[in-house]
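Readers should treat all values here as calculations from the given coordinates under stated rules, not as data from a laboratory. Since this is a predicted model, take the numbers as computed values, not measurements. No Cβ is skipped: glycine too gets one built from the backbone with ideal geometry, and neighbour counts run over all protein chains shown.
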Ligand code: ZN
């Protein structure tokens, strides 16, 4: 397992962590100030700056992109599948222009939440089938562009409104069915927030192996959690054994960034430089 205690060269910042403190260009400047060499930006932040300008800013700053957030949200009424496909193709094009290592995919939940305006449904099995269909189509496009897709399983609490792929096993089943040859173009983004509770997680990390482990996200699970979406903890403030999970992915050969992704009303209220200083300190001590 890599030693993170003396520098933070393997720290990547998911830019949602500073969503309320700065725009994309301010976040890029902050990364330079703090010696952070990788980010994972969100599509709306890039769109606000303009794709060309954003791509140039990333290049000029010498930043790596550990991922691009996010593609997916597949379930939708039949009439809207074309819109879903086009949106995901644009996401692939943007990720390629930015030079992202992968696209982080959040599959989507029931169609009325994944694509508002779709007819209400309680059929989660049908939603999961639509995820597989949409993902297969997106994968063909992504393969041509050489942009890998990383399925992020989300905690089951999000199954209805965000993501009906809820375990690492389920994500890897999709990988095995859609990419049996392990092309390196389809894998998983493992976020400790979503996987720490899973009794099967260690075995599934071994099953994934190096070629399916495309991204590793860190934060912490607070007890109690006041808001299921926006009360993630700073690493070290909660109950996740982050080092144990990092050791497991690195035992498979994962050698990429450890990406800090904290959606938190508390941390969004703090000054940008204080947040980054704390991220770096915790990355060295508890990640
Ligand atoms: Zn994540």
* Express as a percent, rounded to the nearest 5, the fraction of DSSP beta bridges in the chain (both residues included) that run antiparallel. => 5 percent
* Sequence ranges 202-212, 97-107, 39-49, 159-169, ranked by mean other-Cβ count within 10 angstrom, highest first -> 97-107, 159-169, 39-49, 202-212
* Taking all pairs of different Cα atoms in the chain, averaging 1/r and flipping that mean, what Kirkwood radius in angstroms comes out? -> 18.9 Å
* **Hydrodynamic radius (Kirkwood) for region 112-218, which is based on Cα pairs only, to one decimal in Å** => 14.4 Å
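Using a Förster distance of 35 Å, how high is the FRET efficiency between residue 1 and residue 119, based on the Cβ-Cβ distance and rounded to 0.05?
With R0 = 35 Å, the Cβ-Cβ based efficiency is 0.15.
Using only alpha carbon pairs under 8 Å that are at least six residues apart, calculate the relative contact order of the chain and give it in whole percent.
On the way: 571 pairs, mean separation 59.3, N = 287.
With pairs under 8 Å counted, the relative contact order is 21 percent.
Do the sum for the chain: with -39,500 (n - 2.57) for every DSSP H run of n ≥ 4, divided by all residues, what is the mean residue ellipticity at 222 nm, to the nearest 500 deg cm²/dmol? Don't skip to the answer; put the middle values down first.
Details: 12 runs with 127 residues, N = 287.
When only DSSP H runs of four or more count, the value is -13000 deg cm²/dmol.
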* To do: Return the whole-Å distance between the Cα centroid of region 163-190 and the Cα centroid of region 1-28.
  => 26 Å
* To do: Round to the nearest 10 and give me the degree value, 0 to 90, for the angle of helix 168-178's Cα axis relative to the longest principal axis of the chain.
  => 50 degrees
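Could you calculate the contour length gain from residue 239 to residue 9, that is, 0.36 nm times the residue separation minus the distance between their Cα atoms, to one decimal place in nm? Write down the numbers at each step before the final one.
On the way: separation 230, 0.36 × 230 = 82.80 nm, distance 2.50 nm.
Length gained, residue 239 through residue 9: 80.3 nm.
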* Note the full-extension length gain between residue 202 and residue 89 as 0.36 nm times their separation in residues minus their Cα-Cα distance, in nm to one decimal. => 37.4 nm
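In what order do 201, 286 fall by count of nearby beta-carbon atoms within 10 Å, going from fewest to most?
The order, fewest Cβ neighbours first, is 286, 201.
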* To do: Arrange the following residues from fewest to most other Cβ atoms within 10 Å of their Cβ: 220, 140, 29.
  => 140, 29, 220
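Checking the a/c ratio against 1.5 first, then a/b against b/c, what shape does the Cα gyration tensor give for region 219-271? Each step should come with its number before you reach the end.
Details: a/c = 3.04, a/b = 1.92, b/c = 1.58.
Here region 219-271 falls in the prolate category.
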* To do: Using only the alpha carbon atoms of region 190-287, find the Kirkwood hydrodynamic radius as the inverse mean reciprocal pair distance, in angstroms to one decimal.
  => 13.9 Å
* **the chain: angle of helix 242-251 to the longest principal axis, Cα-based, in degrees nearest 10** => 70 degrees
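Could you tell me whether region 1-154 comes out rounded, prolate or oblate from its Cα gyration tensor? Rule is a ≥ b ≥ c as square roots of the eigenvalues, rounded for a/c under 1.5, then prolate if a/b exceeds b/c, otherwise oblate. Could you put the intermediate results ahead of the total?
Working: a/c = 2.06, a/b = 1.91, b/c = 1.08.
Note, shape of region 1-154 comes out prolate.
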* What nm value, rounded to one decimal, do you get for the distance between residue 52 and residue 136 when each label is placed 7 Å out toward the C-beta? -> 3.9 nm
